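Below: the structure, in C-alpha cells.
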Amino acid sequence: METVYRFKLIPSIRQAETMASWLGMLRGMVNYNLADRIDSYSQGFIQGNFCSLRFKAEACPLTCSVVRSASNGHPWKQNKPTLRRRKPKLDQPFNPRRSAYEMQSSGLPGLKQSRPWYQAVNADVLQQALRHLDTAFNQFFQGKSGFPQFKRRNDFNSFEFKPKTVKVNGNHIMLPTLGEMRFFKSRDIPNSWEIRTVTVTQKADGWYASLLLRDDSVPEKPKKAVAELQSVNGVDRGITKIAAMADGTVELNPHIGKRYQRRLGIRQRRLSRKKKGSANRAKVRQRVARLHQKIRRVRTDFQWKLARRIARSADLIGFEDLNIKGMKQRCKPKQDPQTGRYIQNGQTAKTALNKAISDASWYSLRVKTEHQARKLGNWVVDAPAHHSSQECSECHYISPGNRVGEKFICESCGHHEDADVDAAVVIADRARVKIGQPNLPMVSREVTPKPELTGCKESSLALVGEPGNRPGNPERTAATVQLSLFELVSGESPSISLCG
Ligand SMILES: [Zn+2]
C-alpha cells in the first residue's frame with residue numbers, strides 16, 4: 001500500500017536560497033526541453049522518421065538530427081551490451097533508438113558543460129524533472145490531459161528526489177546535495193514503511209516535503225463485490241446546499257471563497273497600488289498569497305470532512321454526472337436583428353453563478369469522496385443527471401411542474417419532499433440500476449437535528465486591522481444570513497455545520 005505524508009521543512013537560509021535557485025534553473029531546463037519536444041513533434045508531421053522525404057532514408061545521427069519527439073541529446077543507445085542499463089526483454093528485440101526521455105536525459109551532461117551552474121543541482125532532481133515532462137506528454141497522447149504548457153515562475157514550485165535517496169532521522173531529514181534539514185515532525189513515520197519519492201514544494205508560507213511511503217506487506221482494501229453491497233446513497237450537489245443526500249441530510253454551502261472575497265479584494269487593491277519592484281510590493285504580495293493559501297486550506301478541510309461523511313454513509317454512493325465545464329460556459333452573444341448591435345445576453349448574472357460553481361468545487365468533492373470510499377472498499381459511481389430534479393422518487397413521473405422552488409410536490413401521486421433530497425433519491429436509484437442491482441436497499445432516513453450555530457470566524461471584526469476599512473456589523477455574518485434565507489424558503493431547519 002502507498003500513502004503520502006507531508007511535513008513542513010525548516011531550511012536554513014542558505015538551504016532555502018539553494019532550493020529557490022534550483023527551481024529557477026529547473027524551470028529553464030524544462031521549458032527548453034519542452035520547446036525542443038514541440039519543435040521535433042511538429043517537424044515529425046512533415047518529415048516522419050525520415051531524414052529525407054525524397055529517398056525515405058531513415059534519420060541517423062551521422063547525417064541529420066531529426067528524430068521524432070526530441071532532438072536534444074543523443075538519439076542512439078550505445079550498442080555494447082555491457083553498457084546497457086536495463087536487461088533486454090526476451091520477447092522484444094533490442095531497440096537501439098532512445099526514447100524521447102532518454103534522449104533529453106542524455107543531453108544533461110552537455111548542459112552542465114555549457115552552463116556550469118547546473119552542476120549545483122542534484123542529478124536525480126534534473127532527471128526527475130525531465131521524467132515529469134515525459135509523463136505530461138504521455139498523458140496528452142493518451143487523452144488524459146491537455147497539451148503541456150510552458151511554466152511560469154508561479155506554476156513551477158516543486159522538485160522531486162528519486163526513491164530511496166532521502167533518509168529521515170528523528171526530526172531531521174537528509175536530502176541529497178542539500179544536506180540535513182530540520183522539519184516539523186507532525187506525525188510519526190511507521191518503521192516498516194519505505195520512503196519512496198520525496199517531493200519538495202515551495203508554498204506561500206514556506207517549504208514542504210511530501211514523502212511517498214510504501215509497504216508491500218500492507219494490502220490495499222479490496223473493493224467490495226457487487227453482491228456484498230448493502231445500501232445505496234445518492235448525492236445531489238448544488239449552490240445553496242452543497243450536498244443533499246438520499247438519507248435526508250443536507251449540507252449547506254459554506255461559500256468559503258465568498259466569505260473571504262472582501263478581505264482578498266482589499267489586499268489585492270493594496271497590492272495594485274504598490275510600486276513595481278519595491279520591497280513593500282513584495283510584502284503585500286506575500287500577504288495576498290497567504291490569504292489564497294488560507295482560503296484553499298479552509299475549503300479543503302471542509303471538503304475532506306464532508307467527503308468522509310458521505311463515503312461512510314453507504315456502500316454505494318451515486319453522484320449525478322455533471323458537465324461542470326459546460327455549465328460554466330459563457331452565454332452566446334446576442335445581436336439585435338434590425339440594428340445588428342449587441343444586446344444584453346445575461347452574461348453578467350451568469351458570471352456570478354459561474355463564480356459560485358467554482359467556489360463550491362463540486363468536482364473535487366467527488367474526487368475526495370472517491371478517495372475516502374476506496375479506503376473502505378465502497379463504490380462511487382456517476383449516475384445520469386438528466387431531469388433528476390424533476391422526477392418523482394416514488395412514482396418516477398417527470399414534470400417541471402413537480403418542483404415549486406425548494407419544495408417537491410409530485411403532480412401525479414402527491415409525494416412531497418425537499419426538492420434536492422428528492423433529486424438525491426432519484427440519483428441513488430439510477431446509481432443502483434447502473435451497477436445492475438435495482439433492488440439494493442436505500443440508505444435509512446435520518447431525523448434531521450436542530451442546527452447548532454457555531455458562528456463563523458470570518459466576521460467584519462477581522463477586517464478592522466486592514467487600512468481603509470470600516471468596521472461592519474459583526475453580528476450579521478454570512479452564516480446567519482445564509483440560515484435565515486434557508487429557513488425563509490424551505491420553512492424547516494436543515495442539519496448544518498456552516499463553518500465546516
Ligand atoms: Zn409521484
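Per-structure values
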{"item": "Failed criterion for PRO441 (all others in (1) surrounded by 16 or more Cβ atoms within 10 Å (Cβ to Cβ); (2) at pLDDT 85 or above hold)", "result": "(1)"}
{"item": "Sole residue being assigned to a loop (DSSP other than H, G, I, E, B), touching a residue at least 40 places away in the same chain (Cβ under 8 Å) and closer than 14 Å to MET29 by Cα, chosen from PHE150, PHE159", "result": "PHE150"}
{"item": "Any chance GLY414 is within 11 Å of the ligand (Cβ to nearest atom) and either assigned by TED's automatic domain parsing to the domain that holds ILE242 or in contact with a Gly (Cβ under 7 Å, 6 or more places away or on another chain) (or both)", "result": "yes"}
{"item": "Given (1) outside any strand (DSSP E or B); (2) within 20 Å of ALA16 (Cα to Cα); (3) in contact with a Ser or Thr (Cβ under 8 Å, 6 or more places away or on another chain), number of the condition LYS185 does not satisfy", "result": "(3)"}
{"item": "Hits in segment 330-342 (condition: more than 28 Å from ILE239 (Cα to Cα) and surrounded by 10 or more Cβ atoms within 10 Å (Cβ to Cβ))", "result": "GLN335, TYR342"}
{"item": "Out of ASP429, ASP420, sole residue that is away from the ligand (no atom under 16 Å from the Cβ) and either surrounded by 15 or more Cβ atoms within 10 Å (Cβ to Cβ) or free of Cβ contacts under 8 Å to residues at least 12 places away in the same chain (or both)", "result": "ASP420"}
{"item": "Single unsatisfied condition, ILE38 versus (1) at pLDDT 65 or above; (2) assigned to a loop (DSSP other than H, G, I, E, B); (3) β-branched (Val, Ile, Thr)", "result": "(2)"}
{"item": "Residue match in segment 132-151 (condition: of a type in the set (Ser, Thr, Tyr), surrounded by fewer than 18 Cβ atoms within 10 Å (Cβ to Cβ) and touching an Asp or Glu at 6+ places or on another chain (Cβ under 9 Å))", "result": "no"}
{"item": "Output for segment 296-312, where each listed residue is surrounded by 18 or more Cβ atoms within 10 Å (Cβ to Cβ) and not charged (D, E, K, R)", "result": "VAL298, PHE302, GLN303, LEU306, ALA307, ILE310, ALA311"}
{"item": "All positions within segment 428-444 that are farther than 17 Å from ASP247 by Cα and of a type in the set (Gly, Ala, Ser)", "result": "GLY436"}
{"item": "Candidates ARG287, ARG237, ARG273, ARG269 - the one that is touching a residue at least 40 places away in the same chain (Cβ under 8 Å) and charged (D, E, K, R)", "result": "ARG237"}
{"item": "Members of segment 246-282 found to be touching a Ser or Thr at 6+ places or on another chain (Cβ under 9 Å) and of a type in the set (Ser, Thr, Tyr), listed by number", "result": "THR249"}
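Conditions (1) outside the structural domain of GLN202 (by TED's automatic domain parsing); (2) farther than 20 Å from LYS203 by Cα; (3) modelled with pLDDT of 95 or more, marked per residue:
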position: ALA246; (1), (2), (3): yes, yes, no
position: VAL250; (1), (2), (3): yes, yes, no
position: ILE256; (1), (2), (3): yes, yes, no
position: ARG259; (1), (2), (3): yes, yes, no
position: ILE266; (1), (2), (3): yes, yes, yes
position: LEU291; (1), (2), (3): yes, no, yes
position: ARG296; (1), (2), (3): yes, no, no
position: ARG299; (1), (2), (3): yes, no, no
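The values are calculated or read from the model by the stated rules, or taken from the named source; none is laboratory data. Owing to the predicted nature of the structure, the values given are computational and were not obtained by experimental measurement. Neighbour counts are summed over all protein chains in view; Cβ atoms, including those assigned to glycine, are modelled from backbone coordinates with ideal geometry.
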